[in-house]
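To start, the structure itself, in structure tokens.
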Amino acid sequence: MSGVFGVFYKSAEAAPVEALEEEARRMAVSLRHRGRDDIKISTFADGFIGHVLKDTGCNGLYQDEDGYIAVLDGRIDALSGAPPQGGGDFVLRAFLDAFKTCGSAFLAGVTGDFALAIWDPNGRELFLARDRFGVCPLYFCNPAHAFAFASETPALIAAWPAMGEALCEDVIVDYVAGAVSQDHSETVFRKISRLPPAHGMKINAAATSLFQYYDLGEHTARAPDIYAREGDAAAQFRFLLNQAVDRRSHGSGEVGCMLSGGLDSSSIVCLAAKTAAKEQKNPLLTASLVYGYGEGEDESFYIDAVNRKAGHVSPLRIDASHVAAFGEVDKALTAFGRPPFSLNCATASLLIDETDQDGRVRILLDGSGGDEVVSRGANYLVELAQQGNVLALWKEIDPDSLGAKRTNRTEIFRTLMLKHSPLTGPLRSIKKMALGGTRCDGGVLSWAPFLRGPARCLEAPERYEPALIRERLSYGQQEHLRELLDARQALSLEMLDHQSAHSHLEVRYPFWDQDLVEFCVGLPSREKWRDGFGRSILRRGLADDLPKEVAERRDKYNFAGRFLSSLRAADGLQRMSAVLYEKAGLVDPYVNVEYFRTVLANFKDEQSAVSIQNLYALWRVTMLSAWLESRQSA
């Protein structure tokens, strides 16, 4: 991780040198936390490109003898199909050589996690690109007669304050509702946009053009079952995940792993520890959040099992029992530059901070994305219902694996058959006509009561639905693609990036590896769900690596209980009350304050029923208020 920034004055009259120097200084200062090892700025007649370095590998800025400039935030797996053989300057020189030869087409041969900018002095053109899944963020705006870009929005606002004045009300309303628009370019600021994942952009004096250089859906549609036909899918999965872990274990400094006790982080730990032992490296640091022994409220049982099985590890246990839902709000708002989405951002920030202070590692592997990339595989049940395969469907249903412990197998079976079986098509049509209504992602008909004015989703549900239908793909593959290409995934990666940016650590995500993602999407659903177990491909592929306790667990840690108790911790109730009464004017333009006052009153009462969805929304309203207040103070 590092930070990139720059500006290109498109008009013939560029800003005075003094103004350019001040803009560069402000952007560099704003991004300094992303790179404490070095700062470089290269200027040209029409602007500048800058870089703040966190030295963990091939980040950097390079200018060649012809005046071409390349700047990179991220890590590269391959250039033209071959792994890079050197550090930052080598990779950047290779980028420039490929760019000079092939133009923007060179991106087809680049894999990894990156945000990239290149200045072409001959064409007087700026070129930007972002990795395929959005691991590394990149934003841009258009101040007077110019085009500017940066790794974080505060850097753009620091140089041009007017860019942050107007807020995008649609994005704020979406935030309160827990929804994400499928317009990847939207940000909370009207005048600042996001470069979408898998896209590039060309900017010159005459025009700005955006183009997509990679399409996961098209790739999958060309050969949807190729991986399943090539041999043992489980063995292939293990090979690709191990390769993804290995790719992200190279760089400057020691490597550690987050370990939650779930399938994803446990898989990464077990593979990384084997490699560390084989290569006679130091024991692998495993960083885990715990909430105290004897409570039965954390994952210590599974964490201990993984550490024992992995063997060559050095556990770091971090007590998070004191963390409140609104812990270190100011720090979170500074890190994200917008209201945070993650309900557990305070505990996640604690893990980053404690691991950073421990000082043993510079690179931290994280299991985020495992659920989405591997896929639980429950769509296989839908496919069985669509086929009318009653016996197989009954056999494969397991309420625990579906996260539906309070629902019995018969109810799930009945629901699937009524909704998807070809025998009940007429019934579905009658039911749809009788109920009417519009539903979009997350069942957001329930938004209406707590939003100010009409819920936008009721007016334009397509705003929240990934538009993706590939005729050659099965139902399960289509739904898997929808989940992976949902803008929510890229936003989550963006939040994770910002959360760790203030530390000395670089967090990397093995599950968001291109080869692994393409393999998992291409698998038929029967490989993802088998014998009542979701994510079967991972369980089978790592059967010899994972402890049995983890490989056979069907549930996930229930965050809701701890979230509810943390809302009452510290000054949580007082903070929420202040937001809805003394400071109600801040959020009143966006939400139905009276509705949330009732939610808070019922929550305080403890005898009244309050839905967890309403409490999640109340947390977001409180964070929104704190962010709006911080903007007023600034």
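The values are calculated or read from the model by the stated rules, or taken from the named source; none is laboratory data. Quick caveat, the model's predicted, so the values are computed rather than measured. Virtual Cβ from ideal backbone geometry, glycine too; neighbours counted across all protein chains shown. Note: accessible area is taken over every heavy atom of the protein model, side chains too, but ligands, DNA and RNA are not part of it. Shrake-Rupley method; radii C 1.70, N 1.55, O 1.52, S 1.80 Å.
With labels modelled as points extended 7 Å from the Cα through the Cβ direction, what inter-label distance (nm, one decimal) is found for Ser252 paired with Glu462?
4.9 nm
Looking at the chain, send over the antiparallel percent of its DSSP beta bridges, to the nearest 5. Spell out each step's value before the answer.
Working: 58 of 74 bridges.
So the antiparallel bridges amount to about 80 percent of the total.
Quick one: accessible area per residue over the stretch 1-96, 1.4 Å probe, rounded to a whole number of Å²? All intermediate terms of the calculation are to be shown ahead of the outcome.
Numbers: 3790 Å² over 96 residues.
Averaged over the residues of the stretch 1-96, the accessible area is 40 Å².
Give a quick list of trypsin sites (Lys or Arg not before Pro) in the stretch 20-100 that DSSP marks as loop, anything other than H, G, I, E or B, with at most 16 other Cβ atoms within 10 Å. Please list the in-between numbers first.
Working: sites: Arg25, Arg26, Arg32, Arg34, Arg36, Lys40, Lys54, Arg75, Arg93, Lys100; in loops: Arg36, Lys54.
Listed in order of number, the matching sites are Arg36.
Give me the dipole magnitude in Debye, nearest 20, for the chain about the Cα centre, with unit charges on the beta carbon: positive for Lys and Arg, negative for Asp and Glu.
In debye, rounded to 20, the chain gives about 1600.
Could you tell me the distance between the Cα centroids of the stretch 337-374 and the stretch 186-217, to the nearest Å?
Spelled out, the Cα-based centre of one part sits 27 Å from the other.
If I stretch the segment between Ala277 and Gln386 completely, what's the gain in nm (0.36 nm per residue apart, minus their alpha carbon distance), one decimal? Mind dumping the intermediate values first?
Details: separation 109, 0.36 × 109 = 39.24 nm, distance 4.76 nm.
So the extension gain works out to 34.5 nm.
Can you work out the PRE-style zone for Asn558? Point 7 Å along Cα to Cβ, and I want the residues of the stretch 355-381 with backbone N under 14 Å.
none
Distance between the C-alpha centers of the stretch 15-36 and the stretch 537-575? Whole Å please.
42 Å
Pull out the extension gain between Ser630 and Asp170, defined as 0.36 nm times the separation in residues minus the alpha carbon to alpha carbon distance; nm, one decimal. Numbers along the way, then the final one.
Working: separation 460, 0.36 × 460 = 165.60 nm, distance 2.00 nm.
Stretched fully, the Ser630-Asp170 segment lengthens by 163.6 nm.
Using just the helices of the chain, give the 222 nm mean residue ellipticity in deg cm²/dmol: DSSP H runs with n ≥ 4 each add -39,500 (n - 2.57), and the total is spread over all residues, rounded to 500.
Details: 27 runs with 270 residues, N = 634.
My calculation for the chain gives -12500 deg cm²/dmol from helical runs alone.
What accessible area per residue comes out for the stretch 515-634, rounded to a whole number of Å², with a 1.4 Å probe? The partial results should precede the final answer.
Details: 5150 Å² over 120 residues.
Computed with neighbouring chains in place, this is 43 Å² per residue.
Assigning unit charges at the beta carbon (Lys, Arg +1; Asp, Glu -1) and nothing else, what dipole magnitude in debye, to the nearest 20, does the stretch 41-118 show about its Cα centre? Each step should come with its number before you reach the end.
Numbers: 4 positive and 10 negative charges, 30 e Å.
With Lys and Arg at +1 and Asp and Glu at -1, about 140 debye.
Hey, could you grab the Kirkwood Rh for the chain? Inverse mean 1/r over distinct alpha carbon pairs, Å, one decimal. Could the numbers behind the result be given before it?
Values: mean 1/r = 0.0385 Å⁻¹.
It works out to 26.0 Å.
Positive end of the dipole of the chain, charges at C-beta (+1 Lys, Arg; -1 Asp, Glu), about the Cα centre: which of Ser185, Ser266, Ala501 has its Cα farthest in that direction?
Of Ser185, Ser266, Ala501, it is Ser266.
Can you pull the percent of the chain's accessible area that's carbon plus sulfur, 1.4 Å probe, other chains left in place?
In the chain, the share of accessible area belonging to carbon and sulfur is 50 percent.
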